[in-house]
Amino acid sequence: MRRSALSIGAAALVAALSVTASPAAPAAAAPAAFTHPGVLVGRAQLDFVRSKVNAGAQPWKAAYDQMMASSLASLSRTPKPRAVVECGSYSNPNYGCTDERQDALAAYTLALAWYVTRDSRYATKAIQIMDAWSAVITDHTNSNAPLQTGWAGSVWPRAAEIIRYTYSSWPNVNRFATMLRTVYLPKVINGSNSNGNWELSMMEAAVGISVFLEDRTSYDKAIAKFRARVPAYIYIASDGALPKTTPGSGLDTRDKIVKYWQGQTTFVDGLTQETCRDFTHTGYGISAISHVAETTRIQGQDLYPEVSERLRQALGFQSKYQLGTAVPSWLCGGSLTLGLGPVTEVGFNALHNRMGIAMTNTQKLTEQQRPAGTNLLFTAWETLTHANNPG
């Protein structure tokens with residue numbers, strides 16, 4: 001890993017601080033016609049999964065069995081909607097937060113089960129859960145409201161896209177769309193200057209919701225924020241002495257940047273803004289980056305080439321230490337809090353299998369963790385949906 005020395009002159013420091021993360025080129029416009037289903041998984045990917053599971057092929061069959069054994073796949077699930085979901089820091093208070101996230105994940109799980117089995121009971125149960133929430137919810141409140149909205153708002157469109165475009169009937173689909181437009185989209189579309197995983201998850205939700213709503217304006221706004229946030233979340237040596245920042249972040253001095261990067265003063269390829277916080281939150285950010293890029297690829301605006309070097313480095317850097325490499329003293333004071341989570345499949349499949357990039361540590365960790373389950377927040381069943389999936 002190449003290190004960037006921080007003993008730079010005043011002029012160089014001013015120059016470094018003046019560089020904010022900005023896309024290399026203007027964002028491509030949203031597609032003239034959106035592709036459906038088209039949030040995280042497209043029809044070709046779903047057909048690939050179905051064929052592999054029905055053939056009993058591994059690792060997909062084991063991943064499918066894992067999913068179907070989960071309570072999220074239960075046909076007897078009773079949804080627990082609330083008018084107002086109140087979420088404080090570290091889930092205190094937690095009024096409907098866990099219920100909402102898990103109901104959204106259940107709807108997605110059941111939608112996947114429907115697609116593989118063609119058993120209409122799974123589709124109707126997914127619809128029941130989505131209808132229960134769209135009939136009731138009006139707001140998210142308290143300090144974690146933006147993040148909660150981002151997490152649940154990332155998952156609802158995945159389920160809704162599969163059901164709307166592959167099942168025969170969903171009478172209340174327009175009410176569900178109204179819920180996404182009025183309750184979720186306004187909370188996420190303007191982003192966040194909190195830790196980077198917040199804005200990345202919020203943009204994942206905004207992109208998925210925009211696809212479902214066929215809202216080109218919101219799609220473009222979310223993609224623009226995403227393209228500015230990724231370089232401010234993952235450092236690579238070409239950034240210079242200091243990490244990039246996002247416009248409006250207020251990170252206008254070296255000390256502020258270092259504090260935002262959890263006190264880390266040595267920057268190397270693949271370090272993220274939250275590596276020295278913990279790997280769990282880092283995993284949230286990496287996962288959201290992969291998810292947005294995957295959706296853009298389905299929509300014909302493939303952002304993987306743009307984010308591939310940062311994503312590759314972040315996956316490899318975190319995977320190396322998650323696998324047990326000794327932590328050097330210059331990294332996070334010589335101590336890391338591990339727990340990356342089931343977040344590597346989507347990025348690994350895109351970069352390694354589709355783009356041909358060697359990713360030794362990421363491959364080892366990904367294969368070691370199969371089948372990848374769910375973090376019960378917004379990531380679920382990605383060995384099933386994305387392992388070696390060319391779609």
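The values are calculated or read from the model by the stated rules, or taken from the named source; none is laboratory data. Remember, predicted model here, so these are calculated numbers, not experimental data. Cβ coordinates were reconstructed from backbone atoms using ideal geometry, including for glycine residues, and neighbour counts include every protein chain displayed. Note: areas computed on protein heavy atoms with side chains; ligands, DNA, RNA excluded. Shrake-Rupley method; radii C 1.70, N 1.55, O 1.52, S 1.80 Å.
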The condition from (1) part of a helix (DSSP H, G or I); (2) farther than 23 Å from A232 by Cβ; (3) under 13 Å from the mean Cα position of the chain (by Cα); (4) not aliphatic (A, V, I, L, M) that P342 misses is numbered (1)
Unique residue being within 28 Å of L46 (Cα to Cα) and outside any helix (DSSP H, G or I) when the list is P157, P81, P171:
P171
Does L105 meet the test of being within 20 Å of L75 (Cα to Cα), surrounded by 22 or more Cβ atoms within 10 Å (Cβ to Cβ) and in contact (Cβ under 8 Å) with a residue 24 or more places away in the chain?
yes
Restricting the search to the range 274-305, which residues are more than 17 Å from E199 (Cβ to Cβ), crowded, with 20+ Cβ neighbours inside 10 Å and of a type in the set (D, E, K, R)?
E294
Any chance S287 is without any contact (Cβ under 8 Å) to a residue 24 or more places away in the chain and assigned to a helix (DSSP H, G or I)
no
Residues (part of a loop (DSSP other than H, G, I, E, B), farther than 24 Å from E306 by Cα, in contact (Cβ under 8 Å) with a residue 60 or more places away in the chain and not small (G, A, S)) located in the range 28-78:
P59
Residue pairs meeting the criteria (Cβ under 6 Å; at least 6 apart or on separate chains; first open to solvent by 50 Å² or more (accessible area, probe 1.4 Å), in the range 206-222; second at pLDDT 95 or above)
E214/F34
Whichever residue in the range 78-97 is over 22 Å from the mean Cα position of the chain (by Cα) and more than 16 Å from A152 (Cβ to Cβ) and, among such residues, is surrounded by the most Cβ atoms within 10 Å (Cβ to Cβ):
P93
Taking the range 162-192 and the residues there that are under 23 Å from N94 (Cβ atoms), in contact (Cβ under 8 Å) with a residue 12 or more places away in the chain and not polar (S, T, N, Q), the one that is most open to solvent (accessible area, probe 1.4 Å) would be K187
Say we look at the range 328-376 and pick out the residues that are among the β-branched types (V, I, T) and open to solvent by 60 Å² or more (accessible area, probe 1.4 Å); which of these is nearest to W151 (Cα to Cα)?
T337
Name every residue in the range 151-161 that is touching a residue at least 60 places away in the same chain (Cβ under 8 Å) and either under 20 Å from G283 (Cα atoms) or open to solvent by 10 Å² or more (accessible area, probe 1.4 Å) (or both), in order of residue number.
W151, A152, S154, V155, R158
Boolean, T141 is polar (S, T, N, Q) and open to solvent by less than 50 Å² (accessible area, probe 1.4 Å)
yes
